[in-house]
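In what follows, a single structure is set out as structure tokens and then discussed.
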Amino acid sequence: TPEEIERLTVDEELSDIERAVYLLSSGQDIQGTSVVANLPVLMRQNPAETLRRVLPKIREVLHVAGVEMQLTAAVSFLTVLQEESVSIHTYSHSFLHIILQNLEHRDAGVSNAWLETLLAVIEALPKETVRHEILNPLVSKAQLSQTLQSRLVSCKIMGKVANKFEAHIIKREVLPLVKSLCQDVEYEVRTCMSRQLEHVARGVGTELTKTVVLPELVELARDEGSSVRLAAFETLVNLLDMFDADDRSQTVLPLVKSFCEKSFKADESILVSLSFHLGKLCNGLYGIFTPEQHLRFLEFYKKLSTLGLQQENGHNDNQLHLQTLEQEKKYISVRKNCAYNFPAMIVFVDPKNFHLELYSIFFCLCHDPEVPVRYTMAISFFEVAKLLNSDVYTIHKELVTLLQDESLEVLDALVGHLPEILELMTNGGENNGSESKLLSIPDLIPALTTAEQRAATSLKWRTHEKLLQKYACLPHIISSDQIYYRFLHRMLTIILTNNVLPVQKAAARTLCVYLRYNRKQEQRHEVIQKLIEQLGQGKSYWNRLRFLDTCEFIMELFSKSFFCKYFFLPVLELTHDPVANVRMKLCCLLPKVKSTLKIPTDKHLLQQLELCIRKLLCQEKDKDVLTIVKRTVLELDRMEISVDAEQLEKEKQKNEGRTTNINDKMFEKKRRDSKTSSVLAKSINLSISGSSSGTSAVKVLLQDIHLQYQEWERVVCYPLVVSLYNNSVMNLETYDELVLVLVSDAAFFALP
């Protein structure tokens, strides 16, 4: 309504600071939130005024602000800290008290947002400030008389400040509070403190960890609350490196065994966490295991790897109680974690024992009915292959299985390290002779082609692009003929028929790589001919654009002489293309094209290039293309052309034989040129001395050259004009204009 518009309208004459103050004082909530979100910008522009006028208003508003403004303020305060708009001293003086005031907000989400900001601030604050402003008030906030939210906040702050101070300060001021919170009546507080004990232990060092932290963890690991036991268990695993052999064997190992035994019976809640940490746990305790314990933990891992897929004594799910959906999700997570830990378990059993101890589990996980499990196996496949080293041939079938997986997510995960995996597959099995390598290829190639076709028919073009990029490794893996008949023509088809530009470019580059490693001239010439005819001379302008992309890849991957021999002239033919976008792209590519030339070997190609540029300058009607042409001309003019010294020397020797016959003819020409040059030099001096500006004199002189001199005389005149630029008589802008005039004159191209 008009009334609302009037109420929400702000005077445009107000400065940013004044507008912010006005909106915080009398604006709507959404306007105030906008000001708070803009606080980092105001701090960058005018920190002094923002701190003096805007921040006090924000402090007032936050007392009654809604959740959205509170969350916005927490983020803005953190951004100001990260951008270092003010010194840390100023920040702690102006912002810290506001953060602390809002820590115990009644909304848990708001409280957590402010806590995250505070924890980041603690990292940057001086020790004394942390001690006086944060640590000292914690003594009262951690008491049982305080709210649950206050005590939870205290736990997280404890974990953060533990790394800030020396061990003796932590022992005296922090550890008493830590012990108090570990014995809190609320299980949420005990759980939170259990997780923070890792940070506390890192802060106090191994001695105090052994005498103070470990006993607390042991007690928490036997807590009545399952979430407390879980948190204590995970902290124990993460702190394994801080415990000595005695602590591991006498304290940690019995606890872990107890967890494993209870997990299938009374405490399934810990199964997911136990399966996730099992690899770290087995390797962390490896040195203290007896052979029997080693076998027991391995069997436990095997049992977890097939959890939910089969029941004991061969009974299936229909014969037993039906699993709930929640339980099924839990079992999937357990198997996924087992897949995540598979490389660690190979280390645990020793790669030499893989086939005997773990291959059956590897097979089950790669064929698991659930996508997340197979996805995790695909991600870790490269690590497994590296660990197996010379025995990598044993998992070839599983590679083929995952390449043909029905889920594109699994394929995408596997493709990330596909070149490295294939290289290990073909080169890793030295001890098994070449026979096993050759046998592995027939079923690998169909799997690779199937994977590409499935990616091509899906809507996930990024997976397809990624796969095509990785297939560029195949020349190192399989023979040139196999690539030619199974992959190379497929790449050309993708360039011609696919509608996704990144996919087409990926196929084009991979095709160029295949061409690069193909040593059969017939096959090479056939592919080159198809590229020129089907792309460069294709009916669709889109194909002709892709031809230019392909030429760019060829310049990157092949020698300059190769490009000049096969692609230089077909590229230049596109200067006559009827579509402006093609001509525009060609102009942008011309500097790279010119860089492939060598003088005097490619002198005729250089002349062709210059002729094409002149035609573009004279005949181009599209203003956008013409703008790019002019810019390209200037760039080409400044480019240095490579000189083939050997060829130059040969031509020089060849020409020396003819010098005697030509000398007489040249003498007369030089005499005439000298006379013309003398006249022109006088004209130049007169023009410049009689002009107020060297630049204007050059322009006048340029006109005179075109009007008064014959073509052969202009050939002599132009180098003299160019010398004016070299002697700083004209500026760069005028010189650029001169170049555009020169290249439109046929006489210029008669210059040596």
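The values are calculated or read from the model by the stated rules, or taken from the named source; none is laboratory data. Quick caveat: nothing in here was measured; it's all calculated off a predicted structure. Using ideal geometry, Cβ is built from the backbone for each residue, glycine included, and neighbour counts are taken over all protein chains shown. For the accessible areas, the whole protein counts, side chains as well, though only heavy atoms, and no ligand, DNA or RNA atoms are used. Shrake-Rupley method; radii C 1.70, N 1.55, O 1.52, S 1.80 Å.
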Qualifying aspartates and glutamates (Cα of each under 18 Å from Cα of K560; at least 8 residues distant if same chain): D549, E552, D602, E640, D644, E646
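Within a Cβ distance under 12 Å of V54, other residues only, what is the Lys/Arg minus Asp/Glu net charge? All intermediate terms of the calculation are to be shown ahead of the outcome.
Working: positive: R19, R52, R53, K57, R59; negative: D16, E18, E49, E60.
Residues near V54 contribute +1 overall.
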At 1.567 mPa s and 4 °C, Stokes D of region 414-564 from Kirkwood alpha-carbon radius, µm² per second: 80
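Leaving ligands and nucleic acids out of the surface, order Y22, Y566 by accessible area at 1.4 Å, largest first.
The ranking, largest first, comes out as Y22, Y566.
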Pairs from K280/K330; K592/K615; K171/K257 whose Cα-Cα separation, in the structure shown, is over 27 Å: K171/K257
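Roll a 1.4 Å probe over the protein chains and send me the accessible area per residue for region 33-137 in Å².
Here the per-residue accessible area is 47 Å².
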By accessible area with a 1.4 Å probe, ligands and nucleic acids excluded, highest first: order of T426, T79: T79, T426
Probe 1.4 Å, all protein chains present, accessible-area order of I554, I5, I88, largest first: I5, I88, I554
HN-Hα J in Hz across region 488-505 - Karplus 6.51, -1.76, 1.60, θ = phi - 60°, x for Gly and Pro: 4, 5, 5, 4, 5, 4, 4, 4, 7, 10, 6, 9, 9, 4, x, 5, 4, 5
Debye intensity ratio in log₁₀ form over the Cα atoms of region 96-142, taken at each q of 0.13, 0.18 Å⁻¹: -0.28, -0.54
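Rounding to the nearest 20 debye, state how big the charge dipole of region 100-142 is about its Cα centre with +1 on each Lys and Arg Cβ and -1 on each Asp and Glu Cβ. Don't skip to the answer; put the middle values down first.
Numbers: 4 positive and 6 negative charges, 28 e Å.
Dipole magnitude for region 100-142 comes out near 140 debye.
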Gyration tensor (alpha-carbon) shape descriptor, region 488-612, a/c threshold 1.5: oblate
Backbone HN-Hα couplings from phi across region 243-259 [Karplus 6.51/-1.76/1.60, Hz, Gly and Pro as x]: 9, 7, 4, 5, 4, 5, 6, 8, 10, 6, 4, x, 5, 5, 4, 4, 4
Carbon and sulfur %, accessible surface of region 438-552 computed with the full protein complex present, 1.4 Å: 53
Rounded, prolate or oblate (a/c below 1.5 giving rounded, otherwise prolate when a/b exceeds b/c) for region 467-509 by Cα gyration tensor: oblate
Built amide H within the under 5 Å cut-off of I599, gap 5+: S642, V643, D644
Accessible surface, per residue, of region 232-304 when the full set of protein chains is kept, probe 1.4 Å, Å²: 42
Ranked packing of 475-483, 608-616, most packed first, by mean Cβ within 10 Å: 608-616, 475-483
Solvent-accessible surface (1.4 angstrom probe) belonging to D350, in square angstrom, nearest 10: 70
